[in-house]
Each structure stands twice: as structure tokens, then as C-alpha cells.
1. Just the residues that are open to solvent by 50 Å² or more (accessible area, probe 1.4 Å), modelled with pLDDT of 85 or more and small (Gly, Ala, Ser), please, taken from region 19-48.
2. Restricting the search to region 92-103, which residues are within 17 Å of the chain's Cα centre (by Cα) and either within 17 Å of Leu21 (Cα to Cα) or part of a loop (DSSP other than H, G, I, E, B) (or both)?
3. Taking the criterion of being part of a strand (DSSP E or B), under 17 Å from Glu17 (Cα atoms), modelled with pLDDT under 90 and open to solvent by 30 Å² or more (accessible area, probe 1.4 Å), would at least one residue in region 49-62 satisfy it?
4. Residues being crowded, with 18+ Cβ neighbours inside 10 Å and part of a strand (DSSP E or B): count how many of those fall in region 63-79.
5. Can you pull out the residues in region 1-18 that are modelled with pLDDT of 90 or more and surrounded by 13 or more Cβ atoms within 10 Å (Cβ to Cβ)?
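The values are calculated or read from the model by the stated rules, or taken from the named source; none is laboratory data. Computed from a predicted model, the values in this text were never measured in an experiment. Cβ: placed from backbone, ideal geometry, glycine included. Neighbour counts: every protein chain shown. Just the protein is used for accessible areas: all its heavy atoms, side chains included, with ligands, DNA and RNA removed. Shrake-Rupley method; radii C 1.70, N 1.55, O 1.52, S 1.80 Å.
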Amino acid sequence: QCQLNGLWRNDQDSLMEISVLRDNGDFQGQYLTRVTLSGGCAQISPLRGAQQQLGEEGWPTFAFTVRWDKFSNATTAFVGQCFVDAGGKETLSTTWLLREAVGSLEEDWKATR
């Protein structure tokens with residue numbers, strides 16, 4: 001069984017900590033990215049999400065958002081699933097979309113990565 005709560009590190013050396021996982025699947029925590037759009041110093045940003053409840057067995061899907069409010073005018077949405085290999089190692093497989101603020105509707109085409 002996968003447990004989302006705890007400390008996670010990705011292949012870019014960013015850290016995510018899920019500190020609150022409620023019985024209904026809602027969770028919150030913080031994200032420390034090592035990758036920034038501005039090239040500046042990384043800072044901790046809040047995250048909130050929800051996990052699909054599967055019962056005792058199964059590998060849950062989840063989604064969460066990170067608001068980069070202290071150093072960037074962008075928000076990222078992540079979706080993924082938690083897996084456990086034969087050795088018991090938990091892995092989160094995710095896909096993300098980042099939305100940057102732009103100055104006009106004409107610039108909308110370049111706002112999502």
C-alpha cells in the first residue's frame with residue numbers, strides 16, 4: 001500500500017513534504033523546488049491536493065497544486081499515481097502543467113508549460 005504522507009525527492013532534487021493526510025484523502029504540505037523560472041533562489045511553497053481512496057489495497061491516484069507565490073507568478077498542477085515495487089519501495093509517477101501569468105489574452109499561447 002502506498003502512503004503519500006512523508007518526504008519525497010524527485011529526479012531534479014526538489015523536495016515535497018506531505019504533512020497532513022486526512023481520512024477523506026485531502027492532503028497538504030510544502031514543496032521546495034530546485035528548478036525556478038527566474039533562476040533565483042528556491043523557496044518553500046504551499047501545496048494542497050487530494051488522493052483517490054481505494055481501501056486497503058491498490059495504488060492510489062492523486063492530484064495537487066503548488067502556488068509559487070513567494071518568487072513566481074505561476075501555479076503548477078500535478079496528477080499522478082503511487083506505486084510500490086517488489087522490494088517495497090514507493091514511487092510517485094506524475095505529470096505536471098505550469099501556468100504562468102501573462103499580460104494579455106494575445107500572450108495566452110505561451111503561458112502553459
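1. Selection gives Ser19 alone.
2. Initial filter on region 92-103 (within 17 Å of the chain's Cα centre (by Cα)): 92-100.
Scanning region 92-103 gives a single hit, Leu92.
3. Scanning region 49-62 turns up no residue that is part of a strand (DSSP E or B), under 17 Å from Glu17 (Cα atoms), modelled with pLDDT under 90 and open to solvent by 30 Å² or more (accessible area, probe 1.4 Å).
4. First pass over region 63-79, keeping only residues crowded, with 18+ Cβ neighbours inside 10 Å: 64, 66, 68, 72, 74, 76, 78.
This time we only want the ones that are part of a strand (DSSP E or B), so: 64, 66, 74, 76, 78.
Residues flagged as crowded, with 18+ Cβ neighbours inside 10 Å and part of a strand (DSSP E or B) within region 63-79 amount to 5.
5. Matches in region 1-18: Trp8, Met16, Glu17, Ile18.
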